[in-house]
Amino acid sequence: MGRLIQRAACSPDALVLDLGCGAGEWVLRALQEHPTARAFAVDMSEPALRRAEGSARERRLGDRVTFVRGDAQEYRPPQACDLVMCVGSTHVFGGLGETVQALDEQVAPGGAMLVGEGFWERPPTAEALEALGAEPADFQDLAGTVETVERAGWAPVYAHISELGEWDDYEWSWTGSLTRWALDNPDHPDAEAAIAAAREHRTGWLRGYRGVLGFATLLLQRQNPR
Ligand SMILES: C[S@@+](CC[C@H](N)C(=O)[O-])C[C@H]1O[C@@H](n2cnc3c(N)ncnc32)[C@H](O)[C@@H]1O
């Protein structure tokens with residue numbers, strides 16, 4: 001994460017935009033790496049934004065970021081931004097190519113885009129597709145992913161391909177937290193449902209898409225600078 005953001009090499013007064021920011025990890029990291037940058041971050045989810053605001057306060061970054069609750073497709077920043085991010089949220093724009101095209105107009109001349117997208121590490125199995133609720137055409141292999149970006153007029157200048165251990169950590173963390181909470185609160189009316197939800201997701205991952213779906217985060221630059 002850090003290396004990708006460092007390589008985005010924003011100017012000191014840079015503006016950063018994060019579309020589908022979730023709990024804000026990417027945008028906050030960008031502000032940490034670029035100590036005078038300011039940011040806008042957009043998400044539909046109130047709980048995710050509350051977490052993001054809490055993290056921003058804890059890291060003393062709250063005065064440099066504006067969190068906006070809304071549809072990332074509709075949102076327009078006050079001016080074009082130097083770094084525009086959309087990590088794990090390309091579905092909002094209808095896919096990877098559509099995301100790159102939609103974000104293009106938000107990126108200032110000389111600016112960069114950071115896009116995170118799933119890809120097939122291996123041809124998807126029926127079990128993987130079922131667990132993800134996906135079709136084979138929803139993702140491409142890694143080379144096809146890069147080609148899609150290039151067709152949209154942008155070139156990868158750096159990338160991080162998530163390792164299996166990083167995926168595992170992500171999956172164990174959230175299914176594990178949910179399971180632990182339910183086991184520690186057996187009398188809570190939601191405890192049983194929480195255990196079942198964690199189990200269902202974990203099984204879909206372990207029997208389905210583990211090692212099949214990969215994740216690439218691409219730092220992009222315009223092929224034809226404005
Ligand atoms: C997989 S999360 C990625 C979050 C974050 N970018 C990250 O990498 O941690 C996808 C996010 O997209 C948000 N989202 C879904 N539809 C959206 C929309 N139309 N506008 C804004 N955010 C949306 C969800 O609330 C969720 O936080």
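Computed from the coordinates by the stated procedures, all read-outs in this text should not be read as laboratory data. What you see is a predicted model; the values in this text were computed from it and never measured. Here the Cβ positions follow ideal geometry from the backbone for every residue, glycine too, while neighbour counts run over all protein chains shown.
Taking 0.36 nm per residue of sequence separation and removing the Cα-Cα distance, the Glu135/Ala9 pair yields an extension gain of 41.7 nm.
Backbone amide hydrogens, once placed in the peptide plane, bring Leu213 within less than 5 Å of Glu121, excluding anything fewer than 5 places away on its chain. About its Cα centre, the dipole of the chain is roughly 740 debye, where the only charges are +1 on Lys and Arg Cβ and -1 on Asp and Glu Cβ. Based on the alpha carbons, how large is the Rg to Rh ratio for the range 166-208 when Rh follows Kirkwood? Computed over Cα atoms, the ratio is 1.02. Each peptide in 35-47, 141-153 receives the mean, over its residues, of other Cβ atoms within 10 Å, and ordering these scores from highest gives 35-47, 141-153. Extension gain, Thr36 to Asp169: 0.36 nm times the residue separation minus the Cα-Cα distance gives 44.7 nm. Taking every alpha-carbon pair in the chain and binning the separations at 5 Å intervals from zero gives 1, 7, 13, 16, 18, 17, 13, 9, 4, 2, 0, 0, 0 percent.
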